[in-house]
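See below for the structure under consideration.
The values are calculated or read from the model by the stated rules, or taken from the named source; none is laboratory data. What you see is a predicted model; the values in this text were computed from it and never measured. Using ideal geometry, Cβ is built from the backbone for each residue, glycine included, and neighbour counts are taken over all protein chains shown. Note: accessible area is taken over every heavy atom of the protein model, side chains too, but ligands, DNA and RNA are not part of it. Shrake-Rupley method; radii C 1.70, N 1.55, O 1.52, S 1.80 Å.
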Amino acid sequence: MESPLVVGVDGSDPSFQAADWAADEALRHGLPLRLVYASLWQRYEGSDLATGLGRPDEQVLAENLVGTAAERVRRRTPDLKVVTDVLPEDTVEALLREGRHAFALVTGSRGRGDIAGLLLGSVSLAVAARAHCPVIVVRGDKAGLAGTHERITLGVGDGDIDSAAVRFAFREAELRGCVLDVVRAWRRPAHVTTDHPLLVGDPARFYEDEASTRLDEALEAAMGDHPGVRVQRATVEGPARKVLLARSAAADLLVVGARRRHSQLGMQLGRVAHTVLHHASCPVAVVPRHS
């Protein structure tokens, strides 16, 4: 049985946008699309769906919302297999469980319950931080959402030698027939001594060359397995999160590896992933690194 592409929907505009994006992605991969609505039946004020007692019926509301999303997807991609489910569970926990058997989880940038003005909703952030499969948060400007750049950007970090994130990005670029923009950021330490013979003359060149070597190591295996992918590699001086945000403006998808933190306190994402999820100009795929 094929692992589906799972989308969390809740009737918000961002979730419908995520379903649209996921429909195209599922069709591209030849996967079924699973639309999931999960909630503890919190009542939505102002709903015009009501029971005979004049009160919102949460079950009817949920089925209506997921049905609307499914109909929208079927109009967009009529050849796609679409299944739906309504789960009376905590949204985050339900999606995390769904993700154990999914190709990837897709969410919108914000949901119905999030405060207006938030850069990223609490559900999307929690799922991206904890899921065992890739999580794609659909966000960004019109060009990035429409996929008109024909470019995927992959940020390569220290743990990305032939990593799941690298493999994910190469498969996406191959299926889309687009350029894969691979970037590794590098920085010079604030206080550099030139006592080491390799640092004599031009310390910056040493750190740039080191970044280039790490980039080659990260890509070697995937490039051999995907020789048709057009790769543009770059090493850029600066903080990784700022470098990737700038390059996301010309990308249809930004792929980063998830650096998990084992502490139960606070978020379980590294600073780079956390930043791009909030601010990138295109959809962001967070791919966990498995030990």
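Key figures for this structure:
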| quantity | calculated |
| --- | --- |
| Qualifying residue in segment 29-52 (condition: of a type in the set (D, E), at pLDDT 90 or above, more than 24 Å from S109 (Cβ to Cβ) and surrounded by fewer than 18 Cβ atoms within 10 Å (Cβ to Cβ)) | no |
| Single condition P4 does not satisfy, out of (1) out of contact with any Pro (no Cβ under 7 Å at 6 or more places or on another chain); (2) modelled with pLDDT of 95 or more | (1) |
| Odd one out for Q232 among (1) closer than 21 Å to R289 by Cβ; (2) at pLDDT 95 or above; (3) open to solvent by 60 Å² or more (accessible area, probe 1.4 Å) | (1) |
| Unmet criterion (only one of (1) modelled with pLDDT under 95; (2) surrounded by fewer than 17 Cβ atoms within 10 Å (Cβ to Cβ)) for G11 | (2) |
| Residues of segment 119-155 classified as open to solvent by less than 10 Å² (accessible area, probe 1.4 Å), over 11 Å from L277 (Cα atoms), β-branched (V, I, T) and not in a helix (DSSP H, G or I), total | 2 |
| Selected residue (only one of D158, D85 is surrounded by fewer than 18 Cβ atoms within 10 Å (Cβ to Cβ), part of a strand (DSSP E or B), touching a residue at least 24 places away in the same chain (Cβ under 8 Å) and in contact with a helix residue (DSSP H, G or I) (Cβ under 8 Å, 6 or more places away or on another chain)) | D85 |
| Which listed residue is of a type in the set (D, E) and at pLDDT 80 or above, from D181, D195 | D181 |
